[in-house]
Structure formats: structure tokens, C-alpha cells
Amino acid sequence: MLGVPLALASSVLIYSGATQFAMVAMLAAGAGVVPLLLTAAVLNLRHLVLGAVLRPRLDASPSRRALLAFFLVDETFGFAVATGERAPARDVAAVTERTVLVAGIMLYAAWLIGTLVGVVGGGLAAVERVAGAVFPVLFIGLAALAARGRSHAGRALVAAALTVALGLALPDLRLLAPIVASVAVALPGRAG
Amino acid sequence: MTVITVVAIAAITYGSRAIALVLLPRPSARVDAVLARIPAPIFASLAAAMLLTGEGGFVAGPTLWAALGALVASPARSLLLCLIGGAAGYALGTLFG
């Protein structure tokens, strides 16, 4: 569908499973450039929230944070939050930066190798079916890693329920529902 | 689909990652407290969103079973166990779904 060079280029440059899978599905449905760009923008809105959560945990200079930003994917965010919370307070910034960088580079390498294998294997239907199940499972695992105590777990369940309710009521806005739901459940509570 | 489209999507993706991480100042204590409560809900919400279709329904059986398997394993707070639970759920969903 994309062709080998564009498939490889998209993994090298975009490095986002959710965006790339959505891109392929939309191309298969015959979508044009504008819907592709709009979908990418909506899907990537979550990075604003993820970046805002990580920002207070980093002491790195702006140029180093700009480098780290390339590796800010859902998985590195989840690992960074989980490892940062287990580190002593004075080490949180260093541990968070190291985790984003090391996990990011490893995942990037795995993503490029995976793309290459996928291009060589070419359209394996079974892999395509399993890929649809991998992301929900991965996100549930990352939610479990990030949840500290019953309050966080409770908020996570409420946010998931709210997302389902929003997604069923307004299917066209379901990609925005996670942002709305997670911010809504995070707002109530004490300041510190 | 052209190289320019890929580059544009890459720019949108990187921009969304860099805006908050590079440009935001350190937040106040009140904002920081709210931000600290976001990670688990946002991942749970993303998982939930991926179980929905664009037609206002749920995705096919094995994927729901996989999510259920991961959910059952989630109290262990281990990514590996969640992946194993998801794989087990997917296998069950394929067999019986």
C-alpha cells in the first residue's frame, strides 16, 4: 500500500505506532491528505498531556529535552513514570531522562527492525489481526504500571468508563475522548 | 501518499511531543498535582478507546478477550504479566469467541 521506501521512511521519521496504523487504515479506505493530517493531529494531542506530565520530572536543558521529545512515545512515558516513582527524590530527573533515552532508542531500533520484517513479510493477515489487540493490552499494562494506589486505579477505571460512554455516544470524537476523560478525572483532589 | 505527506505527519507528531516537553515552564504545585494523577487514567482511556469502532460499537471478540485478560492481570502491576494475560485472553477469544 505504502511501498517499501515510504513504509520505511514513515517508521524512521514518524516513529508512532498509533499514527502509522491509523494512516495505513485510512489509506486503505481511500482517505485524502487533509483527513490524514487531521487524524494525525488529533491522535497526537495526547503527547501534549504526556509531555506536560513528564516536564516537571526533567531537569535537562531545552536542547536535551528537544532530543528526548523524539523518543516520547506511550511506552517510554509509561516506563519513565514507573521508574521515576521508584527512584529517590534527588535522582528522579536523572532516572526519568535516562529511561526515556534508553527505552526510546531500544524501542526505536525495534520499531525499525519490525518495519523491515513487516515489509519483507508483506501483509501477513494474522499479524494484522493480532496487532489490533496488542495496543489495548499494552495500554492496560502501562495503566497498571502508572497506577499508584487505589485512588489512581479508581480514577483509571472511571476514565475508561467515561471514554467508552463518550465513544459510544459520539463515535466521531472517540479519539479525543481519552484526553477529555483523563483530564476530567485528574482534576478533583488535593493540591499536593 | 507522498514523501511530503509523511514528512508533514512526522512534523505534527514531533511537534506534539516537543511543545510540552521543551516549551512549557515548570508547573505550579497545584498543576503538578493534577498532572501526577493523569498517567494511569490516560493509558486506561487509550485502551478503552481502542476497543471502540467508528460506528459506535465494540471491536471484534478476540481483542475484547485480550483486553479482559490484561485487565485481570493488571492488579499485579507488571507489564509482562499484563501482556501474558492479554495473550491468554486473545487465545481464549480465538478459540471460543
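The numbers here are math on the coordinates, done by the rules we state, and not lab data. Computed from a predicted structure; not experimentally measured. Don't worry about glycine lacking a Cβ; one is built from the backbone with ideal geometry, like all the others, and counts go over all protein chains shown.
Quick one: compute the contact order of chain A, relative version, from alpha carbon pairs under 8 angstrom and 6+ residues apart, as a percent.
20
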So, for the Cα atoms of chain B, Rg and Dmax in Å stand at 18.4, 52
With R₀ set to 51 angstrom, the calculated FRET efficiency between the beta-carbons of residue A:66 and residue B:60, to the nearest 0.05, is 0.80
Once both label points are put 7 Å beyond Cα along the C-beta direction, the residue A:89-residue A:151 separation in nm becomes 1.7
Note, residue B:26: beta-carbon cut-off 14 Å, +1 each Lys/Arg, -1 each Asp/Glu, net +2
Helix A:45-54: inclination vs chain A longest Cα principal axis, degrees, rounded to 10, gives 30
Ordering B:89-95, A:163-169 by per-residue average of other C-beta atoms within 10 angstrom, highest first, gives A:163-169, B:89-95
Projected convex hull area of the stretch A:35-80, Cα atoms, direction-averaged, in nm², equals 3.5
Net charge near residue A:150 (other residues with Cβ under 13 Å of its Cβ; Lys, Arg +1; Asp, Glu -1) is +4
For residue B:58, the residues 5 or more places away or on another chain with a placed amide H closer than 5 Å to its own amide H are B:53
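Per 0.36 nm of contour for each residue apart, how much would the distance between residue A:31 and residue A:102 grow if the chain were fully extended, relative to their Cα-Cα spacing?
22.0 nm
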Once normalised by the length of chain B, the mean sequence separation of its alpha carbon contacts under 8 Å that are 6 or more apart gives a contact order in percent of 20
Taking Cα atoms only, helix A:4-13 is inclined relative to the longest principal axis of chain A by an angle, in degrees rounded to 10, of 10
Ranked by GNM mean-square fluctuation in chain B (Cα springs under 10 Å), the top entry among B:19, B:38, B:84 is B:19
For the stretch B:70-81, Karplus-derived ³J(HN,Hα) couplings (6.51, -1.76, 1.60; θ = phi - 60°; whole Hz; x for glycine and proline) come out as 5, 5, 4, 7, 4, x, 6, 6, 10, 4, 4, 5
Given a Förster distance of 22 Å, the FRET efficiency implied by the Cβ-Cβ spacing of residue A:41 and residue A:165, rounded to the nearest 0.05, works out to 0.35
GNM of chain B, Cα pairs under 10 angstrom: of B:86, B:56, B:15, the biggest fluctuation goes to B:15
In whole µm²/s, the translational diffusion coefficient that Stokes-Einstein assigns to the stretch A:21-61, given a Kirkwood hydrodynamic radius over C-alpha pairs, 10 °C and 1.306 mPa s, equals 132
Within 10 Å of the Cβ of an average residue in A:147-156, the count of other chain Cβ atoms is 5
The equivalent-ellipsoid semi-axes of chain A, taken as the square roots of five times the Cα gyration tensor eigenvalues and listed largest first in whole Å, are 29, 23, 15
So the angle from the long Cα axis of helix A:17-28 to the longest Cα principal axis of chain A, reported in degrees to the nearest 10, equals 30
In deg cm²/dmol, rounded to the nearest 500, the helical mean residue ellipticity at 222 nm of chain B, built from -39500 (n - 2.57) for every DSSP H run of length 4 or more, is -21500 deg cm²/dmol
